[in-house]
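Here's the structure we're looking at; comments come further down.
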Amino acid sequence: MRQTIGLGAVSGTALLLEIALTRLLSTLYFPTYVFGVISVAILGIGLGAALGVWKSWLRQTSLLASYSAAAGLTAMAAVFYIVWVQAAPWHQALFVLVTIPYIFIGLIITTIFSKRPERSGGLYLADLAGAGAGVLLAIPIMNAIGPLNTLLLAGGLFGVFGLIFTFRPAGLVVTVALVGLFVANMSQSWLTLD
């Protein structure tokens, strides 16, 4: 049950991250970046799934919390890179950074589906319901807190949802750090775009 809930939560956060990235990058650069973000998200999920199939030891349920935390950390790294290079000519490297969180998301999805094939219908329902919730909530959240803070929120949510899979002290530390960055930016606005 925890994995089903975690799958839905991660799927919703993945779509929240993707929509916030498309909004922010299409505003900063060009509207065609929307297609790039969608493409690298699909590429990342596919790469993560392929890694999980290729190396079966990557499909251990004990790694789900680590994958979720890694998705949050790499999403945060992408946010910091976006702010740092917003006007620089090397913004194409963003596509590599944006792919990395989705590799971990692909590993999460592959691990859960491979460990519970008899429950694939219920898992697929949780995946779709979570993704639908992420899509429905993305625009109101971005309108309320802005796309940059929405990206930070997504990073924090990955950490929180990693605790659904497995509660570990190290995971709690990562989660507190990720959520702390979001809360700090909401209260102080130390990370902004010019």
Problem - Matching option when the condition is open to solvent by less than 40 Å² (accessible area, probe 1.4 Å), free of Cβ contacts under 8 Å to residues at least 12 places away in the same chain and part of a helix (DSSP H, G or I), among Ser68, Ser26 - result: Ser26
Exercise for the section: Please go through segment 123-141 and pick out each residue that is farther than 20 Å from Leu153 by Cα and open to solvent by 40 Å² or more (accessible area, probe 1.4 Å). Expected result: Tyr124, Leu125, Leu128
Fill in the blank from the handout: Given (1) in contact with a helix residue (DSSP H, G or I) (Cβ under 6 Å, 6 or more places away or on another chain); (2) at pLDDT 85 or above; (3) of a type in the set (Val, Ile, Thr); (4) open to solvent by 30 Å² or more (accessible area, probe 1.4 Å), Ile38 misses just (1)
Handout entry: Filter pass, Gly44 being over 19 Å from Ile108 (Cα atoms) and in a helix (DSSP H, G or I)
Key = no
Practice task
Name the one entry in Gly134, Gly180, Gly156, Gly106 that is closer than 16 Å to Leu15 by Cα and modelled with pLDDT under 90.
Solution key: Gly156
Fill in the blank from the handout: Across (1) modelled with pLDDT of 85 or more; (2) open to solvent by 20 Å² or more (accessible area, probe 1.4 Å); (3) among the hydroxyl-bearing types (Ser, Thr, Tyr), Thr166 clears everything bar (1)
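Conditions (1) at pLDDT below 90; (2) more than 13 Å from Ile112 (Cα to Cα); (3) among the basic types (Lys, Arg); (4) within 18 Å of the chain's Cα centre (by Cα), marked per residue:
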site	(1), (2), (3), (4)
Thr32	yes, yes, no, no
Ala49	no, no, no, yes
Val53	no, no, no, no
Gln60	no, no, no, no
Completion exercise
Going through segment 169-188 in order, the residues found to be open to solvent by 70 Å² or more (accessible area, probe 1.4 Å) and hydroxyl-bearing (Ser, Thr, Tyr) are Ser187
Fill in the blank from the handout: Pairs returned, first residue in segment 161-188 that is free of Cβ contacts under 8 Å to residues at least 40 places away in the same chain, second residue that is outside any helix (DSSP H, G or I) and open to solvent by less than 80 Å² (accessible area, probe 1.4 Å), beta-carbon separation under 6 angstrom, 6 or more apart or interchain, are Asn185/Leu191
Practice task
With the condition kept exactly as written, say whether any residue in segment 57-65 is without any contact (Cβ under 8 Å) to a residue 40 or more places away in the chain, open to solvent by 60 Å² or more (accessible area, probe 1.4 Å) and over 22 Å from Leu148 (Cβ atoms).
Solution key: yes
Handout entry: Selection status of Ala78, closer than 15 Å to Ala9 by Cα and either open to solvent by less than 70 Å² (accessible area, probe 1.4 Å) or at pLDDT below 95 (or both)
Key = no
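The values are calculated or read from the model by the stated rules, or taken from the named source; none is laboratory data. Being a predicted model, the structure only gives us computed values, none of them experimental. Glycine gets a Cβ as well: all are built from the backbone with ideal geometry, and neighbour counts include every protein chain shown. Surface accessibility is based on the protein's heavy atoms, side chains included, excluding ligands, DNA and RNA. Shrake-Rupley method; radii C 1.70, N 1.55, O 1.52, S 1.80 Å.
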